[in-house]
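Quick notes on the structure that follows.
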Amino acid sequence: MVATKKDAVNDAASPVKLSARERLLAAADELFYREGVHTVGIDRVIEHAGVAKASLYNTFGSKEALIRAYLDKRHTSVLDRITAYIERYDSPREKLLGVFETQGAMYAAPTYRGCAFIAATAESEAGGQVEEASAQYRAALRTLIADLAAQAGAADAESLARKLHLLFDGGSVSARMDRDPSIAMVAREAAETLIDAAIAAGA
């Protein structure tokens with residue numbers, strides 16, 4: 001049978017069918033972030049994803065592994081978003097400030113409920129996969145900031161990175177608690193003061 005032009009158009013217009021893994025992760029991302037990783041039961045995730053219960057256990061093995069995959073996905077999306085945004089700038093100093101600019105749009109989103117990693121670790125016991133995933137995310141973010149600080153000529157890049165990371169964390173908490181997206185620019189202003197002082201000290 002020869003495919004017609006109409007068939008080609010219909011195929012192009014048809015939505016891409018997500019795999020069971022993708023549907024489960026999308027459901028987990030929405031529900032876990034909005035309501036909490038332990039507040040939401042596994043049956044709700046399965047129902048929301050529209051898959052059979054066996055699909056979850058065949059794909060992830062356990063709820064804890066699904067939570068870990070959700071956090072790993074958040075890790076990747078945050079770092080990818082920051083990396084893509086700061087590419088518009090040429091200098092390491094501007095890129096450092098851009099890290100804080102990326103937060104503004106996220107804070108303004110009606111679905112913003114703070115840092116997914118802070119929320120997840122607050123619900124979880126120490127020493128598990130949640131803590132491990134959170135530690136890896138924070139280390140990656142700190143490394144990104146420290147590398148840019150070193151490239152900018154900061155006198156002590158690691159020290160500056162710790163201070164900027166603290167501002168980054170504080171901005172997310174303040175935006176969530178105070179419902180104030182403009183805090184991203186306040187954090188940026190504070191970051192600029194710290195960055196310029198560190199660069200001057202390294203000159």
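The values are calculated or read from the model by the stated rules, or taken from the named source; none is laboratory data. Just so it is clear, the model here is predicted, and its values are computed rather than measured. With ideal geometry, Cβ positions are generated from the backbone for all residues, glycine too; neighbour counts draw on all protein chains shown.
Brief remarks follow.
- Of all residues making up segment 37-49, the number that are assigned to a loop (DSSP other than H, G, I, E, B) and either free of Cβ contacts under 8 Å to residues at least 40 places away in the same chain or over 16 Å from Gln129 (Cβ atoms) (or both): 3
- The residue list Pro181, Pro110 contains one member that is surrounded by fewer than 14 Cβ atoms within 10 Å (Cβ to Cβ) and part of a loop (DSSP other than H, G, I, E, B), which is Pro110.
- If you go through segment 50-64 and keep only what is among the aromatic types (Phe, Trp, Tyr) and either under 23 Å from Gly127 (Cβ atoms) or touching a residue at least 40 places away in the same chain (Cβ under 8 Å) (or both), you end up with just Phe60.
- Boolean, Ala119 is in contact with a helix residue (DSSP H, G or I) (Cβ under 9 Å, 6 or more places away or on another chain), hydrophobic (A, V, I, L, M, F, W, C), free of Cβ contacts under 8 Å to residues at least 40 places away in the same chain and not assigned by TED's automatic domain parsing to the domain that holds Leu31: no
- Among residues of segment 86-107, those that are free of Cβ contacts under 8 Å to residues at least 24 places away in the same chain and assigned to a loop (DSSP other than H, G, I, E, B), counted: 4
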